[in-house]
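Take a look at the structure below.
Coordinate-derived values only; no laboratory data. Because the structure is predicted, anything quoted here is derived from the model rather than measured. Neighbour counts run over all protein chains shown; Cβ positions are idealised from the backbone, glycine included.
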Amino acid sequence: MIWFLCAALLVIALLFLPALQEALRRPLNEAMRSDAPGDFAELSQGQTHYRWIGPLRGPVVVCVHGITTPSESFLPLAKQLAEMGYRVLLYDLYGRGYSDYVPGVQDREFFLQQLNDLLAFEGIVEDFVLVGHSAGGAIATAYAAANVWRIRSLILITPVGLHEPRGPMAQFRKRPHGVKNLMLRWSYPIVARRYVNRVLADPRTPEEVQKAQRAQSRRQGHAPSNLAAMQGILREDFAPEQKTFNQQGLPVLAIWGRDDMIVPCDTIGRLAEINRSAKQDVIEGAGHEVVYTHPKEVARIIYENQRLGL
């Protein structure tokens with residue numbers, strides 16, 4: 001009987017470990033935000049941290065980062081684009097970086113509300129380049145599909161949303177319930193931590209990105225936000241949107257890393273099949289984090305395609 005009770009208590013402890021770990025993390029506060037670069041906008045869902053990089057009168061580029069990284073992941077690329085004359089807008093998705101944590105499912109409506117609010121706040125109406133990295137590619141694709149007339153071109157860097165996920169993400173896409181759902185919530189932080197540690201150990205990861213990534217992983221709301229996105233927008237297949245872009249003539253550029261361990265190589269072929277007008281380029285020796293490990297190469301590809309009239 002005692003062994004049974006001990007086993008039961010152990011199972012309960014393991015299942016509720018994520019909630020305990022989350023409670024022990026520090027909530028984002030004004031002291032933390034005091035050192036944040038850029039500005040804050042009080043939007044309909046909460047405070048959003050954003051910053052501009054580049055000349056005041058340059059062509060506008062709006063960047064959407066992935067669900068596990070803060071906007072600093074785009075900073076190396078933004079600096080490269082700024083040197084080329086672009087004016088780049090970076091912002092933190094809710095629950096990442098210095099933006100508020102907003103409870104609830106993070107589906108396409110959730111992310112598009114934030115982006116629409118921020119663009120309105122900054123007075124950006126149309127004729128801008130929209131760039132999305134990883135899960136940010138799914139968000140950028142959803143936004144472009146709903147606002148084709150506003151976008152000059154869509155640039156996707158190792159985007160998700162066109163392949164069948166593997167690992168924990170694949171399990172969450174199946175809408176698990178009950179004990180299985182609790183077990184996945186327990187296992188996800190472990191898997192995510194291993195992935196982040198591997199990324200941070202890469203000598204090509206800039207110090208500013210490492211620092212920002214470590215800081216946000218210690219804050220309340222980051223892990224629940226990632227899970228909310230996995231159970232929201234990352235359950236969608238964005239092939240129909242790509243077919244629409246092909247029909248409507250929206251310029252699309254996709255940039256991939258040859259050694260990407262997250263998005264399989266056959267995704268390149270799938271995009272070519274569903275959107276024949278999309279231009280694609282592959283950076284050798286780069287992985288999923290190509291946006292900040294190879295910013296010069298990514299910026300060069302973007303510049304050349306924009307110069308030639310993507």
Item to check | Net charge dipole size for region 35-173 [Lys, Arg +1 and Asp, Glu -1 on Cβ; Debye, nearest 20] | outcome: 420
Checklist outcome for this item: The exposure ranking of SER277, SER217, fewest beta-carbon neighbours within 10 Å first, is SER277, SER217
Item to check | In sequence order, calculated HN-Hα J values of region 126-133 (Karplus, 6.51, -1.76, 1.60; Hz; x Gly/Pro) | outcome: 7, 6, 10, 8, 10, 10, x, 10
Next on the checklist: I need the phi-derived Karplus couplings for region 281-298: 6.51 cos²θ - 1.76 cosθ + 1.60, θ = phi - 60°, integer Hz, Gly and Pro marked x.
Outcome noted: 9, 10, 9, 5, x, 9, x, 5, 8, 3, 4, 10, 8, 9, x, 5, 5, 5
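What is the fewest-to-most order of HIS65, HIS163 by other Cβ atoms lying within 10 Å of their Cβ? Don't skip to the answer; put the middle values down first.
Values: HIS65 27, HIS163 17.
With the fewest neighbours first, HIS65, HIS163 line up as HIS163, HIS65.
With charges set only on the Cβ (+1 for Lys and Arg, -1 for Asp and Glu), what does the dipole of region 27-81 come to about its Cα centre, in debye to the nearest 20?
Working: 4 positive and 5 negative charges, 54 e Å.
Around 260 debye, computed over region 27-81.
At a 10 Å Cβ-Cβ cut-off, how would you order ARG276, ARG198, ARG219, fewest neighbours first? List each step's numbers first, then the result.
Details: ARG276 10, ARG198 13, ARG219 20.
The order, fewest Cβ neighbours first, is ARG276, ARG198, ARG219.
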Next on the checklist: Please compute the length gained on full extension between ARG150 and GLU42, using 0.36 nm multiplied by the number of residues separating them and subtracting their Cα-Cα distance.
Outcome noted: 36.5 nm
Checklist entry - What FRET efficiency would be calculated for the residue pair GLU109, GLU83, taking the C-beta separation as r and a Förster radius of 22 Å, to the nearest 0.05? => result 0.05
Checklist outcome for this item: Scalar couplings 3J(HN,Hα) for region 63-69 by Karplus 6.51 cos²θ - 1.76 cosθ + 1.60 (θ = phi - 60°), nearest whole Hz, x for Gly and Pro, are 10, 10, 7, x, 7, 9, 10
Checklist entry - Given H placed on each backbone N at 1.01 Å, which residues far from GLY257 in sequence or on other chains put an amide H within less than 5 Å of it? => result THR158, ILE283
